[in-house]
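*Asks:* This is the structure I want to talk about, given as structure tokens.
The values are calculated or read from the model by the stated rules, or taken from the named source; none is laboratory data. None of the values given here were measured: they were computed from a predicted structure. Every residue, glycine as well, gets a Cβ built from its backbone with ideal geometry; the counts of neighbours run over all protein chains shown. What goes into the accessible areas is simple: the full protein's heavy atoms, side chains included, and nothing from ligands, DNA or RNA. Shrake-Rupley method; radii C 1.70, N 1.55, O 1.52, S 1.80 Å.
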Amino acid sequence: MKTTLKIAWRNIWRNPRRSWVLITTVVVAVIGYVGTTSFTRGFMYEMVNSAIRYYGGHIQIIPEGYDTKPNIQLRLSHPDRMAEALARVPGIHFAPLVTFKGMASSSEASGGVVINGIDPQKERQVTIVSEKIIAGDYFESETANAAVIGEELAERLNVRLGEKIILMASALDQNIASGAFRVVGIFRTVSTDFDRAFVFIRLDDAQKLIGYQDEITAFSIHLQQGYDLQQTVERLRETLPPGDFKIQTWRERNPVLVLSLEVYEYFIFLFLLIIVTAVAFTIVNSFLMVIYERIREFGVMMAMGVLPKRIRRMLYWETLFLTLIGSTVGIVLSYLIFGYWRRHGLDLSATSDALGKLGISTVIYPEILMSDLLIGLGVIVSLTWIAVLYPAYKASRFHVVDALNFV
Amino acid sequence: MDIVQVENLVKVYEDQNQVPVRALDGIDLQIGEGEFTAIAGPSGSGKTTLLNLIGGLDKPTSGSVRVAGQDLNELDGNALAEFRLRNLGFIFQAYNLIPVLSALENVEFILLLQGVPEEERIERARQELAELGISDDMMHRRPSELSGGQQQRVAVARATVARPRIILADEPTANLDSKTGGLLLDKMREMNESRGITFLFSTHDQMVMERARRLILIRDGKIVEDRQR
Ligand SMILES: Nc1ncnc2c1ncn2[C@@H]1O[C@H](COP(=O)(O)OP(=O)(O)OP(=O)(O)O)[C@@H](O)[C@H]1O
Ligand SMILES: [Mg+2]
């Protein structure tokens, strides 16, 4: 074993140029893989983050049936009792929400919007719209009937800070209710759609508008770092008093997003297979050359009594060393290359318009996951091993006499 | 007892045009323990073919080879490799050594294959190399850093260290100048005399024939003369 390893290792350095070419091939493949994977991961992370952090949090408690047919008749009664129970669940922040469709208009224009009644103090702990204020503030002043709207909507309605808008919606009693609200804050998120459609007002204003007492539409829950989604769902199920509600995770809320995450997962793996297959072909090629250069040597070894399987094993080790060197160098270089963006993020403002439409941040932080590295390493090692099987098989099948006569 | 018993050995090759070539044409031969024998003959007479068959590197068309009582026809694949490892030593014309191993490691390697423990391996390999006049300094060089004569002495050490029943040497001096070749042969003859190691050479080198104690002449795959000297 030790000697087999020794011979394999030294054989690599017999033709350093060829070995470095092979190692470089592996290095390039690894960097390509780590780059693609980490940026895709960063992108996926941003997509999920947007879905969670702008609206609704990780988990929502909604009325039974609301997810399939949302309407204001469906609401959570006795939210105070639920809030008491929620306060006992560790690792979460929660905020009440009243949400319904409506219309926003100014003297110049109008448009359909989603009106959201929130408790600003609590909402800050769950979503990050409060951090995206570009003018005014997030319900900090005492102004009555205050509204915080997106930049896009403000432009459409042509309203400025301090000006009034009218919000209209159908109330519980089927009548059209309306109220005048003063714009106290304007936000800009990464999503222009969000900035056009979402209007925030105080919770009690919203309740008053559509005729709720203390009922709400939902609780939005933010999960603190290190707490598991499914475990928390279980916890909530145990803790909350029984009632007509449903616990919905962000995954259930965003089936299309979850689907695309899966597609990205496949894409990463497919990409890995493609580049490693390219590496594998280079290895087959080189090793076919290698064995023809060493035929005589194999002949001498076999004459001495070295078994073919030992010769094959020497070649396996030789490729393993090459791929391990290449992978190590590749991973180190990847950290050096992508590490900078990992800390500072890569600003894709040039293409930000498209991303903004998708509701994804324009700054991507590539994420290098240990699991991705291990999978990559596993695939490289196994595919290159498969690649060398054929040359190794050929090497071990030479007839001793022919090998000895080979010049 | 005879170490090698060859009976009615025939080897037929086909050349490029599928025409059969009788490289060996009914050879009968016995080699006894402790012999120092050379097989001589013109080029193409079948010397290498005969040695390869005795060494179990190739299969005869018909006839049999027994080495140390074992019929080589009965062995195949791994069993034959194992048999070579324990009973046969080989020295070829050139490029005998594994290029990436030092002289010492080359000699050790065969002992490793035989399963000899590490300490004994190093001890025996050093001793053998020293006996063949390879200095401590040279032992750690790779074959490419040794002269042709030194390389052949390492090859002899590798063959003898394994304590085979017989060493088959196919023109071991053909690539050496006559002085180096002569010294190498003297060394082998000395080992034959002091340790009773059996050598079988193939050659058309006059020097080898002179030193051999038994000379077998073959022509067209047949033994034409066999004399003790
Ligand atoms: N693999 C082979 N295929 C076809 N013919 C072969 C093969 N090996 C040897 N021969 C033929 O068999 C005959 C004997 O060859 P062999 O190599 O045994 O001769 P030799 O006595 O060793 O010659 P030399 O002194 O040149 O080494 C020659 O005619 C040769 O051409
Ligand atoms: Mg020959």
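*Asks:* Just to be sure, is B:Leu24 of a type outside the set (Asp, Glu) and closer than 20 Å to A:Met302 by Cβ?
*Replies:* In short, no.
*Asks:* Also, quick follow-up: Out of the residues in the stretch A:297-315 that are part of a helix (DSSP H, G or I) and β-branched (Val, Ile, Thr), which is farthest from the other protein chains (Cβ to nearest Cβ)?
*Replies:* That would be A:Ile311.
*Asks:* Answer yes if at least one residue in the stretch B:142-154 is in contact with a helix residue (DSSP H, G or I) (Cβ under 9 Å, 6 or more places away or on another chain), within 16 Å of ligand 2 (Cβ to nearest atom) and open to solvent by 20 Å² or more (accessible area, probe 1.4 Å), and no otherwise.
*Replies:* Among the residues of the stretch B:142-154, not one is in contact with a helix residue (DSSP H, G or I) (Cβ under 9 Å, 6 or more places away or on another chain), within 16 Å of ligand 2 (Cβ to nearest atom) and open to solvent by 20 Å² or more (accessible area, probe 1.4 Å), which makes the answer no.
*Asks:* Something else about it: Scan the stretch A:1-29 for residues that are among the polar types (S, T, N, Q) and away from chain B (no Cβ under 14 Å) and report the count.
*Replies:* Within the stretch A:1-29, residues that are among the polar types (S, T, N, Q) and away from chain B (no Cβ under 14 Å) number 2.
*Asks:* Determine which single condition B:Arg126 fails, assuming it passes every other condition in (1) under 20 Å from A:Arg10 (Cα atoms); (2) modelled with pLDDT of 95 or more.
*Replies:* (1)
*Asks:* Just need a number here: residues in the stretch B:199-208 that are within 16 Å of ligand 2 (Cβ to nearest atom) and open to solvent by 30 Å² or more (accessible area, probe 1.4 Å).
*Replies:* 2
*Asks:* Out of the stretch B:87-104, which residues are among the aliphatic types (A, V, I, L, M) and more than 9 Å from chain A (Cβ to nearest Cβ)?
*Replies:* B:Ile91, B:Ala94, B:Ala103, B:Leu104 - these are the residues of the stretch B:87-104 that are among the aliphatic types (A, V, I, L, M) and more than 9 Å from chain A (Cβ to nearest Cβ).
*Asks:* Go through the stretch B:55-105 and report how many residues are open to solvent by 40 Å² or more (accessible area, probe 1.4 Å) and either outside any loop (DSSP other than H, G, I, E, B) or within 16 Å of ligand 2 (Cβ to nearest atom) (or both).
*Replies:* Qualifying residue count, the stretch B:55-105: 11.
*Asks:* How many residues does the stretch A:134-148 hold that are in contact with a Phe, Trp or Tyr (Cβ under 6 Å, 6 or more places away or on another chain) and open to solvent by less than 40 Å² (accessible area, probe 1.4 Å)?
*Replies:* Summing the residues that are in contact with a Phe, Trp or Tyr (Cβ under 6 Å, 6 or more places away or on another chain) and open to solvent by less than 40 Å² (accessible area, probe 1.4 Å) in the stretch A:134-148 gives 3.
*Asks:* For the stretch A:88-112, give me each residue that is at pLDDT below 95, open to solvent by 30 Å² or more (accessible area, probe 1.4 Å) and either within 25 Å of A:Thr239 (Cα to Cα) or within 29 Å of the chain's Cα centre (by Cα) (or both).
*Replies:* A:Arg88, A:Pro90
*Asks:* Right, next: Out of the residues in the stretch B:154-203 that are of a type outside the set (A, V, I, L, M), touching a residue at least 40 places away in the same chain (Cβ under 8 Å) and within 16 Å of ligand 1 (Cβ to nearest atom), state the one that is nearest to the other protein chains (Cβ to nearest Cβ).
*Replies:* Result: B:Asp170.
*Asks:* Condition check: of a type in the set (Lys, Arg), open to solvent by 80 Å² or more (accessible area, probe 1.4 Å) and over 15 Å from A:Phe245 (Cα atoms). Does A:Lys69 satisfy that?
*Replies:* On the way: of a type in the set (Lys, Arg): yes; open to solvent by 80 Å² or more (accessible area, probe 1.4 Å): yes; over 15 Å from A:Phe245 (Cα atoms): no.
In short, no.
*Asks:* So in the stretch A:163-176, with the set limited to residues that are in contact (Cβ under 8 Å) with a residue 24 or more places away in the chain and either open to solvent by less than 20 Å² (accessible area, probe 1.4 Å) or outside any strand (DSSP E or B) (or both), which one is farthest from A:Gln121 (Cα to Cα)?
*Replies:* Result: A:Asp173.
*Asks:* What pairs come out if I take residues in the stretch A:180-201 that are closer than 16 Å to A:Ala144 by Cα and pair them with residues that are among the charged types (D, E, K, R) whose C-beta lies under 6 Å away, six or more apart or interchain?
*Replies:* From the stretch A:180-201, the pairs are A:Ala180/A:Lys164; A:Arg182/A:Lys164; A:Val183/A:Glu163; A:Gly185/A:Asp137.
*Asks:* Looking at (1) in a strand (DSSP E or B); (2) away from ligand 2 (no atom under 16 Å from the Cβ), find the lone condition where B:Thr160 falls short.
*Replies:* (1)
*Asks:* Tell me which residues, restricted to the stretch B:192-222, are under 14 Å from the mean Cα position of the chain (by Cα) and closer than 23 Å to B:Ile134 by Cα.
*Replies:* Of everything in the stretch B:192-222, those that are under 14 Å from the mean Cα position of the chain (by Cα) and closer than 23 Å to B:Ile134 by Cα turn out to be B:Asn192, B:Ile197, B:Thr198, B:Phe199, B:Phe201, B:Val208.
*Asks:* From the list B:Val12, B:Val4, pick out the single residue that is among the aliphatic types (A, V, I, L, M) and near ligand 1 (Cβ under 10 Å from one of its atoms). Talk me through it step by step, then tell me what you get.
*Replies:* Working: B:Val4 fails: near ligand 1 (Cβ under 10 Å from one of its atoms).
One residue alone meets the criteria, B:Val12.
*Asks:* Taking the stretch A:331-354 as the search range and keeping residues that are among the aromatic types (Phe, Trp, Tyr) and open to solvent by less than 100 Å² (accessible area, probe 1.4 Å), which one is modelled with the highest pLDDT?
*Replies:* Only one residue fits best here, namely A:Tyr335.
*Asks:* Separate question: For the stretch A:355-366, enumerate the residues that are open to solvent by 30 Å² or more (accessible area, probe 1.4 Å) and modelled with pLDDT under 80.
*Replies:* Our first condition is that a residue be open to solvent by 30 Å² or more (accessible area, probe 1.4 Å); within the stretch A:355-366, this holds for A:357-358, A:362-363, A:365.
Within the stretch A:355-366, A:Lys357, A:Leu358, A:Thr362 qualify.
*Asks:* Consider only pairs whose beta carbons are under 8 Å apart and that are at least six residues apart or on different chains; among these, list those whose first residue lies in the stretch B:4-18 and is more than 14 Å from every other protein chain (Cβ to nearest Cβ) and whose second residue is more than 9 Å from ligand 1 (Cβ to nearest atom) and assigned to a loop (DSSP other than H, G, I, E, B).
*Replies:* Listed pairs, sorted by first residue: B:Leu9/B:Pro60; B:Val10/B:Pro60; B:Val10/B:Thr61; B:Val12/B:Thr61.
*Asks:* When the stretch A:370-400 is examined, which residues are found to be buried (at least 17 other Cβ atoms within 10 Å of the Cβ) and within 14 Å of chain B (Cβ to nearest Cβ)?
*Replies:* Those that are buried (at least 17 other Cβ atoms within 10 Å of the Cβ) and within 14 Å of chain B (Cβ to nearest Cβ): A:Ser396, A:Phe398, A:Val400.
*Asks:* May I pose another question? Within the stretch A:76-87, can you find the residues that are open to solvent by 30 Å² or more (accessible area, probe 1.4 Å) and either under 32 Å from the mean Cα position of the chain (by Cα) or outside the structural domain of A:Glu152 (by TED's automatic domain parsing) (or both)?
*Replies:* A:Ala87, the sole residue that qualifies.
*Asks:* Here's something else I'd like to know. Name the one entry in B:Thr49, B:Thr37 that is within 13 Å of ligand 2 (Cβ to nearest atom), surrounded by 17 or more Cβ atoms within 10 Å (Cβ to Cβ) and either β-branched (Val, Ile, Thr) or free of Cβ contacts under 8 Å to residues at least 24 places away in the same chain (or both).
*Replies:* Being within 13 Å of ligand 2 (Cβ to nearest atom), surrounded by 17 or more Cβ atoms within 10 Å (Cβ to Cβ) and either β-branched (Val, Ile, Thr) or free of Cβ contacts under 8 Å to residues at least 24 places away in the same chain (or both) holds for just one of B:Thr49, B:Thr37, which is B:Thr49.
*Asks:* Taking the options A:Gly32, A:Gly56, name whichever one is modelled with pLDDT of 90 or more, on the phi > 0 side of the Ramachandran plot and more than 14 Å from chain B (Cβ to nearest Cβ).
*Replies:* Checking each option against the conditions leaves just A:Gly56.
*Asks:* Restricting the first residue to the stretch B:105-126 and requiring it to be more than 13 Å from chain A (Cβ to nearest Cβ), which pairs with a second residue that is surrounded by 16 or more Cβ atoms within 10 Å (Cβ to Cβ) meet a Cβ separation below 6 Å and a spacing of at least six or different chains?
*Replies:* B:Arg124/B:Val161
*Asks:* Inspect the stretch B:24-34 for any residue being over 16 Å from the mean Cα position of the chain (by Cα), within 12 Å of chain A (Cβ to nearest Cβ), part of a strand (DSSP E or B) and within 16 Å of ligand 2 (Cβ to nearest atom) and give the result as yes or no.
*Replies:* no
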